[in-house]
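Have a look at the structure below, then the notes.
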Amino acid sequence: MNAGQHILVIKLSALGDFVQAMGPFAAIRAHHPNARITLLTSRPFADFAAGCPYFDQIWIDPRPRIWDVPGLFKLRKMLRQGNFDRVYDLQTSDRSTGYFQIMGRPPWSGIAPGCAYPHANPDRDLMHTLDRQAEQLAMAGIPVTPAADLSWVKADLTRFALPKAFVLMVPGGAAHRHDKRWPAESFAQLARHLSESGITTLLLGTELDPLALIARACPNARSLAGQTSFAEIVALARLAMGAIGNDTGPMHLVAAAGCPALVLFSAASDPALCAPRGRVQVIRQDPLEALSVAAVIAALGKGPAALRQFD
């Protein structure tokens, strides 16, 4: 079945959305077991995607600007030479939808006008990302979309010399979205509370300032700023007692790895549409500055986000 077919899957960004496409990736591979499947993605996700069992090759989208005519022609040539028998557009952005035309209108699952397998639900933007993608694939003939499975992820954590009991903390987020961040000072208070209980806090992210502030305020906290690959975050999550962080990409990796996770939301994003799923508890407070450390500590002791205990 599907022998000789060439399938293109489009998923460009961002990290949380990419992780939430892991189930759809698996569904597409299961539906086309003998096809050659290519993923078109953004450079930051290429290495992680290359390690997963769903794709035969990874292409990087150079994302040329609309005025970059030579770049657009180069992209058009690359996409057309793929001779794809079907395209699953899981990005469904203006950019990816535009590729339907420059590729010559191949059999397409997405929202491009006139495509063969449209996600014809006018309320699609009111659906959670996972439910929306599952329905899109069902309308394209793929009836079952599983949950994300990251069991294939391997990483050597020896260099981190990990403590026995630790919690992951993700205090950053998109640089232009400060309204989605719980104050670093509050994270620092939480880290001190965990330290008093004998639990080390490992700080994840690329934002140096909040991680440095927390590490200064709680000497027992360890900053891994910029030191962890996506695969290493997954491996750390498997060993962690739990994780707490803002609504940001690494928390999706943590949750998909099966780690108990507490995710903090403001009014800037809606957990009903985009929250990680799994052993996940959500606290939503607007503004996030009004969320007390005591409330977060209480949440870590109960519900899906309750910290795992180790002997």
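The values are calculated or read from the model by the stated rules, or taken from the named source; none is laboratory data. Quick caveat, the model's predicted, so the values are computed rather than measured. Because the Cβ atoms are built from the backbone with ideal geometry, glycine has one as well, and the counts that use them run over all protein chains shown.
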Fill in: Condition met for Thr92 (on the phi > 0 side of the Ramachandran plot and either free of Cβ contacts under 8 Å to residues at least 12 places away in the same chain or under 25 Å from the mean Cα position of the chain (by Cα) (or both))
yes
Response to the item:
Flagged in the range 136-186 as touching a His at 6+ places or on another chain (Cβ under 8 Å) and under 16 Å from Ala237 (Cβ atoms), in numbering order, are none
Item to complete: Determine whether Arg105 is without any contact (Cβ under 8 Å) to a residue 40 or more places away in the chain and outside any loop (DSSP other than H, G, I, E, B).
Response: no
Discussion item. Consider the range 212-235. How many of its residues are closer than 24 Å to Asp17 by Cα and in contact with a Ser or Thr (Cβ under 7 Å, 6 or more places away or on another chain)?
Written reply: 2
Worksheet item: Any residue in the range 193-205 that is of a type in the set (A, V, I, L, M, F, W, C), crowded, with 20+ Cβ neighbours inside 10 Å, assigned to a helix (DSSP H, G or I) and in the same structural domain as Glu232 (by TED's automatic domain parsing)?
Response: yes
Response to the item:
By my count, strands (runs of 3 or more DSSP E) wholly in the range 25-92 with at least 2 residues that are modelled with pLDDT under 95, crowded, with 18+ Cβ neighbours inside 10 Å and in contact with a Pro (Cβ under 7 Å, 6 or more places away or on another chain) are none
Item to complete: Could you give me the residue pairs with C-beta distances under 8 Å whose first residue belongs to the range 165-179 and is free of Cβ contacts under 8 Å to residues at least 40 places away in the same chain, whose second residue is not β-branched (Val, Ile, Thr) wherever it lies, and which are 6+ apart or on separate chains?
Response: Ala175/Glu207
Item to complete: Could you give me the residue pairs with C-beta distances under 6 Å whose first residue belongs to the range 265-276 and is of a type in the set (Phe, Trp, Tyr), whose second residue is at pLDDT 95 or above and part of a loop (DSSP other than H, G, I, E, B) wherever it lies, and which are 6+ apart or on separate chains?
Response: Phe265/Asp247
Item to complete: Quick one: Ala147 ticks every box in (1) in the same structural domain as Leu213 (by TED's automatic domain parsing); (2) loosely packed, with under 15 Cβ neighbours inside 10 Å except a single one, so which number is it?
Response: (1)
